[in-house]
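Note sheet for the following structure.
The values are calculated or read from the model by the stated rules, or taken from the named source; none is laboratory data. Treat the numbers as computed from the prediction; the structure is a model and nothing was measured. For neighbour counting, all protein chains shown are included, and Cβ atoms are generated from backbone atoms with ideal geometry for every residue, glycine included. Protein only, heavy atoms only, side chains kept; ligands, DNA and RNA dropped before computing areas. Shrake-Rupley method; radii C 1.70, N 1.55, O 1.52, S 1.80 Å.
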Amino acid sequence: MIRSAGLRAWQAVRLISSAPHEAWTRIAVKAEVWLDRMVAKRTAYARVDWRQATGALQDVLGGSIDSVLGEAELAELASRLELREPSHASGIPAHHDGDPYLARLCYLLTRLLRPDTVVETGTARGVTTAHILAALEKNGNGRLHSVDLPPLRPGAADEVGMFVPQNLRGRWSLHRGSSRKVLPGLLAGLGPVGLFVHDSLHTYRHMRWEFGQVGPRLAPRAAVVADDILANAAFGEWTRRTDLTTSFVIGQAGKDSAIGVGLRLPP
């Protein structure tokens, strides 16, 4: 552990000299996380369980939820990824990976909405990424743009997206950097976003900023998914002031965490 900390410190020193903008971005992130822990308040969202969430999606999206969740591609992907196996990584901690509920939800929404453009912030080893790409491949249409700034740990940069199978990478563009730096220009160059997945920096200020960036660029038929929303009120505030068809919060079994879902559909 001492050796690992020393390597990270040496990496930080090198980063300040070679990429000062990224170094200051990382310092700002650390400061924002510290401040958020000091002032942000956990939010008591009303929650539904997975069964209730899929029922709500069935009501507004139609289609066959059970049929989609029973697709062979989904089962095969879950088996191949070995979702929570920590031995697969040393640079990116396993807890950075998308939760299985989040991954399945993103697969389901991608299949039902059939978006042309999907954007996610926060990739880690690519659990959620692989599920979205598998659904796009099943749809036969669409592209995923992922934004990620890997941890400053030995080997982390090489592990970003490591779970994404080679046969699914043709529909994927990975943009390295913080979403603050990458997202505005990326969104400006894309068409309407059919699915947006927030799983990056879970601070109040940052979540509000990301939702504010993508909200005006959502397609008429679109969804926003946000992981780990309980630490602050950002998701609830955004859904209340945004023209959505419906929104709900999914409690995650066995975890003190929740996923926010907002859906916009044509009248």
* Those residues of the stretch 173-197 which are open to solvent by less than 30 Å² (accessible area, probe 1.4 Å) and at pLDDT 95 or above, in sequence order -> SER173, VAL182, LEU183, LEU186, LEU187, VAL193, GLY194, LEU195, PHE196, VAL197
* For residues that are part of a loop (DSSP other than H, G, I, E, B) and in contact with a Ser or Thr (Cβ under 8 Å, 6 or more places away or on another chain), scanning just the stretch 198-230, find the one that is most open to solvent (accessible area, probe 1.4 Å). => ASP228
* Spot the failing condition for LEU152; the list is (1) of a type in the set (A, V, I, L, M); (2) under 19 Å from ILE92 (Cα atoms); (3) in contact with a His (Cβ under 8 Å, 6 or more places away or on another chain), and only one is missed. => (3)
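Matching residues to (1) at pLDDT 95 or above; (2) within 10 Å of the chain's Cα centre (by Cα); (3) of a type in the set (Lys, Arg):
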residue: THR121; (1), (2), (3): yes, yes, no
residue: ARG125; (1), (2), (3): no, no, yes
residue: LEU133; (1), (2), (3): yes, no, no
residue: LEU144; (1), (2), (3): yes, no, no
residue: PRO154; (1), (2), (3): no, no, no
* Pick from the stretch 231-259, criterion without any contact (Cβ under 8 Å) to a residue 40 or more places away in the chain and polar (S, T, N, Q), ranking: surrounded by the fewest Cβ atoms within 10 Å (Cβ to Cβ) -> THR242
* Structure fact -> In the stretch 151-179, anything closer than 23 Å to LEU190 by Cα and of a type in the set (Phe, Trp, Tyr) is listed as TRP172
